[in-house]
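The values are calculated or read from the model by the stated rules, or taken from the named source; none is laboratory data. Just so you know, these numbers come straight off a predicted model, no measurement behind them. Using ideal geometry, Cβ is built from the backbone for each residue, glycine included, and neighbour counts are taken over all protein chains shown.
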Amino acid sequence: MSVAFGSIGIATTPTAANDPISVPYPSGIVKGDPLILAVVNGNPVDYTTPTGWTVQQHNGNVLSDTGGSVMTKVADGTESGSLSVSEVGTPADVNMGVMLRYTNYQGTTPVGTSSIAVSSSSSTSSPAHTTLSPVPGSSAMVVRFFLWAENTGSPGSSFTAPGGGWTTRANIITNITSGTLFNCGIVVQDKLAGTDDQTCTCSAAGAWIVVDIVITAGFPARPLSVPYRTSIQRSAIF
């Protein structure tokens, strides 16, 4: 059975500095669901890892524009409300965050592999993603995160998400006019066995972090065996 998208929690778009950021847990979480958290800021700085989460990919300083992190966790079934995520130190920046839940996985280590690519210069286009190795199987879900923060003050910016059969789960960007706070945003897409390169663009130049996370399909639970009924058992029942 293929991994499938479940639900998403998206942080409230800030109108001022919001460190720490509060990211809602997705709806419908049950024990064993893979969860993926992505956070981005325009300071740039790294994030403190919340208890129980594992950092898969991160970069705290891309071109002095963007800091971001992608983390994962297997749900224990008690998750509810929101998760507070803090930047390292006390920079008081603008942050954005999302958390996604996937289904049809049974196991304890859902992330098969991951990759990260970062900007080499400020650009309106994301850099090419880094090839995943090993190549994900046909039932594995590839979740791609485009994390961005502006290079100079550019309120009113917007993303154009890629196509190519990728499904967009989030397309969010802040719109703050302050000269001391920098806008940031996230585009999240997923695709079964998605290995093709796609480019996300923004109307304003900035630094990008592109992260691919592979959620591997777990083995289905083995059904309970049914004991064979002998003729004596059948006669006793009927």
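Numbers at a glance
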| item | result |
| --- | --- |
| Residue list for segment 45-78, restricted to those being touching a residue at least 40 places away in the same chain (Cβ under 8 Å), assigned to a loop (DSSP other than H, G, I, E, B) and within 24 Å of Lys31 (Cα to Cα) | Ala75, Asp76, Gly77 |
| Only one of Thr167, Thr180 that is of a type outside the set (Gly, Ala, Ser) and either at pLDDT 95 or above or under 22 Å from Phe5 (Cα atoms) (or both) | Thr167 |
| Any hit, segment 83-97, residues being surrounded by 19 or more Cβ atoms within 10 Å (Cβ to Cβ), in a loop (DSSP other than H, G, I, E, B) and either over 15 Å from the mean Cα position of the chain (by Cα) or in contact (Cβ under 8 Å) with a residue 60 or more places away in the chain (or both) | yes |
| Selection count, segment 37-69, where residues are crowded, with 23+ Cβ neighbours inside 10 Å and within 19 Å of Gly9 (Cα to Cα) | 8 |
| Boolean, Thr131 is assigned to a loop (DSSP other than H, G, I, E, B), free of Cβ contacts under 8 Å to residues at least 12 places away in the same chain and not hydrophobic (A, V, I, L, M, F, W, C) | no |
